[in-house]
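The block underneath contains the structure these notes are about, expressed in structure tokens.
What follows is calculated from the coordinates using simple rules that are stated; it is not laboratory data. Keep in mind that this is a model prediction, so the values were computed, not measured. With ideal geometry, Cβ positions are generated from the backbone for all residues, glycine too; neighbour counts draw on all protein chains shown.
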Amino acid sequence: MTGIYDDPWAYELACSFRDVPAEVDVLLGWCAEHRPAGRPGTVLELAAGPAEHAREFARRGLAATALDLNPQMCAYAAREAARAEVEVEVVQDDMTRFDLGRRFDLIVTMLDSTSHLMTLDAFVAHLRRAAAHLSPGGLYIVEMSHPRDRLGDEPTVSTGWTVERGGVHASVRWGEPGDRLDPVTQIADDHVTVTITGDGDVVAPGNGDARVLRDVVPYRFWTATELDAAIRLASGLEVVAQYGDFGAGADTVALTDPEAWRMITILRGA
Ligand SMILES: C[S@@+](CC[C@H](N)C(=O)[O-])C[C@H]1O[C@@H](n2cnc3c(N)ncnc32)[C@H](O)[C@@H]1O
């Protein structure tokens, strides 16, 4: 079975509900606000997948590096950067163990990729590696899902959405109502189904039928207090702000806002 991360094109299509340039606007706005030296010159995207954010940073003139464990994701990220005629260095490595031998003004991990860190040891190792790669005053911005998803009065174990890009449609189901979070390990096996229809050549060469991808993606739920504990254990990083969505200035969303649906933490090298 091909997993969703082994098919980067389908993954990117499924996640195209995001406005990546708008998110990068906000990320750079936060840098202006929280980084004494202001606009970063170098950026490292961790667990980057197709590296859409790294590509966008590169388009804006930053020296961008993208790191991911999955070889298919890395090959796709490099190919898409070349196709977009931007320079992104792509590194296949583990976000708990990497050692690139240099530091970055900004490090980002987007779309709850830290949910692939299954243990506290892994999370702490990851934070230590991030801290070791930050230049003085550099920021590490981590986007996670909001704890309300799992701890609210009506926990969300499954979400569904549809996207359309260039005549190709994807109907995405991430998690099924039967998926259960293990109360001891805080790990769930999320059943994922992506149904792609549209342009026959892209969807299913030769017959134009729908292509259906199914996968089971292990997900580790991290609470806000566990995140705080992991940061303290790792040392070398301090929390400078937390937000509930991508929005700056008048559009700032507090983590405690009832509309908040992300947990975005801005860490600075201590
Ligand atoms: C949900 S995808 C997110 C991709 C990207 N951050 C985005 O915003 O689209 C999670 C990614 O994490 C990668 N990943 C999982 N465990 C990893 C690890 N230990 N080190 C590096 N990458 C990892 C997967 O290969 C996958 O590409």
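What the table below lists for this structure:
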quantity	calculated
Extended-chain gain in nm, criterion 0.36 nm per residue less alpha-carbon gap, Asp153 and Asp182	8.7 nm
Rg(Cα) / (2.2 N^0.38 Å) computed for the chain, rounded to two decimals	0.99
At least 27 Å along the helix axis (C-alpha) and Kyte average at least 0.0, DSSP helices within the chain	none
Total charge dipole magnitude, segment 129-250, about the Cα centre, Cβ charges on Lys, Arg, Asp, Glu only, Debye to nearest 20	260
Radius of gyration, Dmax [segment 26-174; alpha carbons; angstrom]	16.4, 47
Net charge of Cβ neighbours under 14 Å - reference Leu69; Lys, Arg +1; Asp, Glu -1	-3
Computed label-point distance, nm, for sites Ala132 and Leu69 using a 7 Å Cα→Cβ extension	1.7
Ordering of 120-128, 65-73 by packing [mean C-beta count within 10 Å, highest first]	65-73, 120-128
Residue order, fewest to most surrounding Cβ atoms within 10 angstrom, among Phe57, Phe221	Phe221, Phe57
Cα centre as origin, Lys/Arg/Asp/Glu Cβ charges: segment 149-220 dipole, Debye	100
Share antiparallel - DSSP beta bridges, the chain, percent rounded to 5	65
Simple label model, 7 Å out from Cα along Cβ direction - Glu259 to Asp189, nm	3.9
Ellipticity estimate at 222 nm from DSSP helix runs (n ≥ 4, -39,500 (n - 2.57)) divided over the chain, nearest 500	-8000 deg cm²/dmol
Order of Leu46, Leu27 - criterion: other Cβ atoms within 10 Å of each residue's Cβ, fewest first	Leu27, Leu46
Exposure proxy order (Cβ contacts within 10 Å, fewest to most) of Asp149, Asp105, Asp189	Asp189, Asp149, Asp105
Placed amide H near Ala254: partners under 5 Å, 5+ positions off or other chain	Gly244
